[in-house]
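K.L.:
Here you go, one structure.
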Amino acid sequence: GKEEGGAYPETLPQGDAAAAFKALLTEKILSGLGEDVMFGFMNIDDDGTPELFISQGESEYSAVEIYCFDGESPVLVCTSGSSGKTGVAEGGGIVAGTFKGEGSQSNVVYRLDGGKSTVIWSGETITGEDGAVEYTSDGETVDKDTYSESYNQYYAEGNLTEIGRNAHALTEEEVNGLLN
């Protein structure tokens, strides 16, 4: 369940998962990912092994990568774009991300399960030069109400807990302190 303040409690990986995630994070540090990079762990799909998220900054509008442990190594299962919102829905392993572009916004909702991810909904709004907005839901052109209904199923107030804020700085000290 959630803690006060809307954050999921951090669950740290153990054993092989901890060693594999530590190696990945160390590799990211050595590649010079940048000072604003944050990381943390949450058991999004309730399988007993937490997922690793790496956020390119502390704001809600940071690009986020999410890795599962497949029993041998970390696997990148989903990502969300910068200048969008990334969050998890309580229960069911749902991750939703937003990608904003020039005149467009794409939303992708993933279900994580056993180290894999499946896209369960995608939607896009495209604003033309004339200001008209076109809506698509799962690849089909739809009206605004149909789009909003699908969008709000995942993105409505209270449905998503943002990830990336309650995180640790990507430094050797933090990584070694959490994953020894």
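The values are calculated or read from the model by the stated rules, or taken from the named source; none is laboratory data. In this text, all values refer to a predicted model and were calculated from it rather than measured experimentally. No Cβ is skipped: glycine too gets one built from the backbone with ideal geometry, and neighbour counts run over all protein chains shown. These area figures cover heavy atoms from the full protein model, side chains too; ligands, DNA and RNA do not enter into them. Shrake-Rupley method; radii C 1.70, N 1.55, O 1.52, S 1.80 Å.
K.L.:
Tally Lys/Arg at +1 and Asp/Glu at -1 over every other residue whose Cβ is under 11 Å from the Cβ of Tyr67; what's the total?
P.N.:
-2
K.L.:
Quickly work out the Thr141-to-Glu27 label distance, labels modelled 7 Å from Cα along the C-beta direction, and quote it in nm with one decimal.
P.N.:
That separation, rounded to one decimal, is 4.4 nm.
K.L.:
What is the distance, in nm, between label points placed 7 Å from the Cα along the Cα-to-Cβ direction at Ile120 and at Thr171?
P.N.:
With each label placed 7 Å out from Cα toward Cβ, I get 3.8 nm.
K.L.:
State, as an integer percentage, the relative contact order of the range 61-151 based on alpha-carbon contacts under 8 Å between residues 6 or more apart. Intermediate results must be reported in sequence, preceding the final value.
P.N.:
Working: 192 pairs, mean separation 15.7, N = 91.
Relative contact order comes out at 17 percent.
K.L.:
For Tyr135, Tyr147, give the ranking by accessible area with the largest first, probe 1.4 Å. Working shown, then result.
P.N.:
Numbers: Tyr135 40, Tyr147 15 Å².
Sorted by accessible area, descending: Tyr135, Tyr147.
K.L.:
Helix 144-155 versus the longest principal axis of the chain: what is the Cα-based angle in degrees, 0 to 90, to the nearest 10?
P.N.:
With both axes taken from Cα atoms, the answer is about 10 degrees.
K.L.:
If you don't mind, there's one more thing I want to ask. Could you tell me how many degrees, from 0 to 90 and to the nearest 10, lie between the Cα long axis of helix 15-30 and the main elongation axis, the longest principal axis, of the Cα atoms of the chain?
P.N.:
The angle comes out at about 70 degrees.
K.L.:
Tell me the per residue accessible area of the chain using a 1.4 Å probe; a whole number in Å² is fine.
P.N.:
Values: 9420 Å² over 180 residues.
Per residue, the chain has 52 Å² of solvent-accessible surface.
K.L.:
Using a Gaussian network model of the chain with C-alpha springs under 10 Å, which one of Ser137, Ser117, Ser104 is most mobile by mean-square fluctuation?
P.N.:
Ser104
K.L.:
Percent relative contact order of the chain, based on C-alpha pairs within less than 8 angstrom and at least six residues apart? Before the final figure, lay out each step's value.
P.N.:
Values: 396 pairs, mean separation 39.5, N = 180.
Relative contact order here is 22 percent.
K.L.:
A further question on this structure: How much FRET efficiency would the formula 1/(1 + (r/R0)^6) give for Asp70 and Glu134, where r is the Cβ-Cβ distance and R0 is 30 Å, rounded to 0.05?
P.N.:
Details: r = 38 Å, r/R0 = 1.27.
That gives a FRET efficiency of 0.20.
K.L.:
Right, next: How much FRET efficiency would the formula 1/(1 + (r/R0)^6) give for Asp47 and Asn159, where r is the Cβ-Cβ distance and R0 is 25 Å, rounded to 0.05?
P.N.:
Working: r = 21 Å, r/R0 = 0.85.
Efficiency, rounded to the nearest 0.05: 0.70.
K.L.:
Roughly what percent of Cα-Cα pairs across the chain reach past 26 Å?
P.N.:
Details: 5008 of 16110 pairs.
More than 26 Å apart: 31 percent of the Cα pairs in the chain.
K.L.:
Now a separate question. Quick one: order Lys28, Lys22 from most to least accessible surface, probe 1.4 Å. Walk me through the intermediate numbers first.
P.N.:
Numbers: Lys28 35, Lys22 60 Å².
These residues rank, largest area first, as Lys22, Lys28.
K.L.:
Separate question: Which residue, Gly97, Gly48, Gly128, has the most motion in a Gaussian network model of the chain that connects Cα atoms within less than 10 Å?
P.N.:
Between Gly97, Gly48, Gly128, it is Gly128 that shows the largest mean-square fluctuation.
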